[in-house]
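To keep things clear, I will list the structure first and then write my remarks on it.
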Amino acid sequence: MIRFIVLISALLLSSGLANADPAGIFNDACADCHGANRLGGTGPALIPQTLKRMRGPNLEKVIMNGRAATQMPAFADVYSKDEIAALAAYIRQPLEELPEWGAEQIAETLTLNRDYLPATKPVFSADPMNITLVVETGDHHVSVLDGDTFEVLDRFETPFAVHGGPKFSPDGRYVFIMSRDGWVQKYDIWSLQKVGRVRAGLNSRNIAISHDGKWLAVANYLPNLLTILSTDDLSVASVREVKGKDGTPSRISAVYQAPPRESFVLALKDVPEIWEVFYGPNPPHYGFAHDWRIEGPAPQTTPFPIRKITTPDYLDDFFFDQSYEYVMGASRSGEGGQVIDLVIGQKIADLDLPGMPHLGSGITWNHGETTVMATPHLKDGTVSVIDMKSWETVKRIETLGPGFFMRSHENSPYVWADVFFGPNKDVMHVIDKQSLEIVKTLRPVEGATVAHVEFTRDGRYALVSVWEDEGAVIVYDAATLEEVKRLPMRKPSGKYNVWNKITFSEGTSH
Ligand code: DHE
């Protein structure tokens, strides 16, 4: 605590804000909504892990002006500029201590919607398999779109800062949504009603649903926990502390489901290990012991036995082949990638992937005799295309800047790749799947960030986000590449079509 106070004092002195009392201001003005421990209440957690999503002076601006359409008031008339700057510096500091956060504490946060009445069939006439959810991070809502008419059937509030793809139950009826503050929300699409929410972690990465729809794995940064929830009632099924084989605690980079293996696969961020968590009734038994281990008592009494695989490098991000035998992984700091064979638990190839590939949004398609995987890069203006048999890079497609997301569809000859960073963040490239050439570059709104694509169930339309507070979803004819419709949306960060997701379309991230 002393170290913390000294650090804050040094910060304030160097910026001439020594007279401000940020801790006092926090208690008076923020604690009621954001929690005395800064871990959130009715408002989001005010910790660096969450706030880093607000770059530059935004934090001060939010304190000064408040946030439209939320409970966050403006403080410009209450505190001086210096006091607000000191408060912002104070809440940008990491927490000295974390509260205990285990099964009991998680269970206490569970809130179920008392008004929820499950419908016996969809309460709308739209095709329930062609519903597309639009996550709007501008005001923390999700819009439920009819994928044929593009009418908004419902718009509901989410926890603060949803990240990663929502996960659908295998029948497409329920969806689970996760926020960076660790909240997991369940929504019933047929009934167009919220079911409830629970706080599975204090700062989380993403979620994965088991292929049988029974379990939801939540990958957390804070604390170092893997939480497994029952999808039925959001109750806690298991909470596992994440530590490497040598006892080093670790955050989880991400978790995904591997349906044919009846497992969740997660990579650790601070230890070079992949974990495979089995949820099926008969977890495989491996006949060798040098790089794996099943933890705990016999699998029949422990529902989630864990196999640990040591990897040659850290994995910040990874991608599966369609058979779920191979994991293509890369670290954010590394210069290349690696392919891990999950069956034998070993690295079998290196990948030539410089420039921070964003493997989580990679996609695959058939290319001649082989299957290729393509990934954008967060630091380079290229899309890498990799042959999934030889693991060689087939082509580096030059783009107008680093990108974040890619999408295609089985019925489309094209791949859509955004440019997310730099002066050309307003363009979207359309790439021919066979020639691997850019055939068109769309610039729908000059100067506005344009990103993330999702297709309708039949692949006929491509939905593109204008990633601005007063943004839009633009519907394109996926064959002619002409604009068909524009739907106003509040920073639509991602779009997710029920059918494409539950059928594991090769054109979408899983
Ligand atoms: Fe994401 C998905 C990691 C920053 C928006 N992002 C994912 C996934 C991972 C990941 C592992 C796949 C999870 C899943 O869908 O289950 N993201 C990371 C990072 O490591 C990174 C670079 C840094 C970080 O701080 O987390 C990062 N991501 C961002 C952003 O800055 C984005 C653009 C804005 C935001 O909301 O924070 C962002 N990430 C998204 C979105 C998806 C996503 C919209 C889902 C894409 C999809 O179509 O499935």
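Just so you know, all these numbers are worked out from the coordinates, no wet-lab data involved. As the structure is a computational prediction, the values presented were derived from the model and not from experiment. Note: ideal-geometry Cβ built from the backbone for every residue, glycine included; neighbour counts use all protein chains shown.
Counting charges near MET428 (Lys, Arg +1; Asp, Glu -1) among other residues having Cβ under 15 Å from its Cβ returns a value of -3. Its DSSP H runs of at least 4 residues, each contributing -39,500 (n - 2.57), put the calculated 222 nm mean residue ellipticity of the chain at -2500 deg cm²/dmol, to the nearest 500.
With neighbour counts taken as other beta-carbon atoms within 10 Å, the residues THR310, THR382 rank, fewest first, as THR310, THR382. Loop-located chymotrypsin sites (Phe, Trp or Tyr not before Pro) across segment 74-140 with a Cβ neighbour count of 14 or fewer within 10 Å are TYR116, with loop assigned by DSSP. In this structure the amide hydrogen of PHE320, modeled in the peptide plane, comes within under 5 Å of the amide hydrogens of MET328, none closer than 5 places in sequence on its chain. Modelled spin-label separation between GLU369 and ASP21, with each label point placed 7 Å from Cα along the Cα-to-Cβ direction: 7.7 nm. Measuring r between the beta carbons of ASN65 and GLU157 and using R0 = 22 Å, the FRET efficiency lands at 0.55. For LYS214, go through the aspartates and glutamates and keep the ones whose alpha-carbon is under 16 Å away, minus same-chain ones fewer than eight residues off. Partners found: ASP171, ASP188, ASP232, ASP233, GLU262.
Simple rule: put +1 on each Lys or Arg Cβ and -1 on each Asp or Glu Cβ in the chain, find the dipole, and look at VAL498, SER263, LEU226; the Cα lying farthest toward the positive end is LEU226. Under 5 Å from the amide H of GLY280 lies no amide H of any residue 5 or more positions distant or on a separate chain, with H modelled from the backbone and absent for Pro and chain starts. For HIS141, the residues 5 or more places off, or on other chains, whose built amide H falls under 5 Å of its own are GLU136, THR158. Full extension of the chain segment joining ASN37 with SER230 gains 66.6 nm, where the gain is 0.36 nm per residue of separation less the Cα-Cα distance.
Using the crude model of +1 on Lys and Arg Cβ and -1 on Asp and Glu Cβ, and no other charge, please compute the dipole size for the chain relative to its Cα centre, in debye to 20. Please list the in-between numbers first.
Values: 49 positive and 64 negative charges, 81 e Å.
Dipole magnitude for the chain comes out near 380 debye.
Whole-Hz Karplus values for segment 472-485 come out as 6, 10, 9, 9, 10, 6, 6, 9, 8, 6, 8, 6, 10, 7 Hz, taken residue by residue from phi with 6.51 cos²θ - 1.76 cosθ + 1.60 and θ = phi - 60°; glycine and proline positions read x. Listed by chain and number, the lysines whose C-alpha is less than 27 Å from the C-alpha of LYS61, apart from same-chain residues fewer than 8 away, are LYS52, LYS81, LYS425, LYS491. Legend: residue pairs LYS245/LYS269; LYS121/LYS485; LYS395/LYS433; LYS243/LYS308; LYS269/LYS308, Cα-Cα distance threshold 18 Å; pairs beyond threshold, LYS121/LYS485.
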